[in-house]
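The next block holds one structure in the form of structure tokens; read it before the comments.
No value in this document is a laboratory result; all are computed from the given coordinates. The model shown is predicted, which means the values in this text are computed figures rather than measured ones. Cβ: placed from backbone, ideal geometry, glycine included. Neighbour counts: every protein chain shown.
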Amino acid sequence: MTVNITTVANGFSVAPQLQPNDLAEIARQGFRAVINNRPDGEGGPDQPRAEDLRAAAEAAGLAYVFLPVPPSGFGDEPVVRLRELLAELPQPVLAFCRTGTRSTSLYRRATGTP
């Protein structure tokens, strides 16, 4: 199992879609929290459900948050919520969506970084 992780900033990285069996390895790599930015069902029946990912994350000792953002774009609400989560969650944080692009865009809007 190899998860393609991209560091966006100190304490925050992104990845494409994770599977439940990826989460123990994510914890071994030192991550302490996972944010799922992919809406349930977006990828069809092969995409794991948020609750299955939550169970696997918690079993691995990771904090888990489901903060879905649609691929068509997002407004201010998820931006504000991510800002709050970044202040609350243990770091480092790994966020994921289908490819990692949405999670990166959300982080940049929440932190005001280019």
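If you take all other residues with their beta carbon under 13 Å from the beta carbon of Ile35, and give Lys and Arg +1 and Asp and Glu -1, the sum is +4.
So what is the calculated 222 nm ellipticity per residue for the chain, using -39500 (n - 2.57) for each DSSP H run with n of 4 or more, over all residues, to the nearest 500 deg cm²/dmol?
Only helices count here, giving -10500 deg cm²/dmol.
By the gyration tensor of its Cα atoms, with a ≥ b ≥ c the square roots of the eigenvalues, what is the shape of the chain: rounded for a/c under 1.5, prolate for a/b over b/c, or oblate? Oblate shape, in that a/c is at least 1.5 and b/c is the bigger or equal ratio. For the stretch 43-57, putting each phi into the Karplus relation 6.51 cos²θ - 1.76 cosθ + 1.60 with θ = phi - 60° gives couplings of x, x, x, 7, 6, x, 6, 4, 5, 5, 5, 4, 4, 5, 5 Hz, in residue order, rounded to whole numbers and with x for Gly and Pro. Each of Tyr107, Tyr64 has some number of other Cβ atoms within 10 Å of its Cβ, and from fewest to most they run Tyr64, Tyr107.
Close amide H partners of Tyr64, meaning residues 5 or more places away or on another chain with modelled amide H under 5 Å apart, are Val34.
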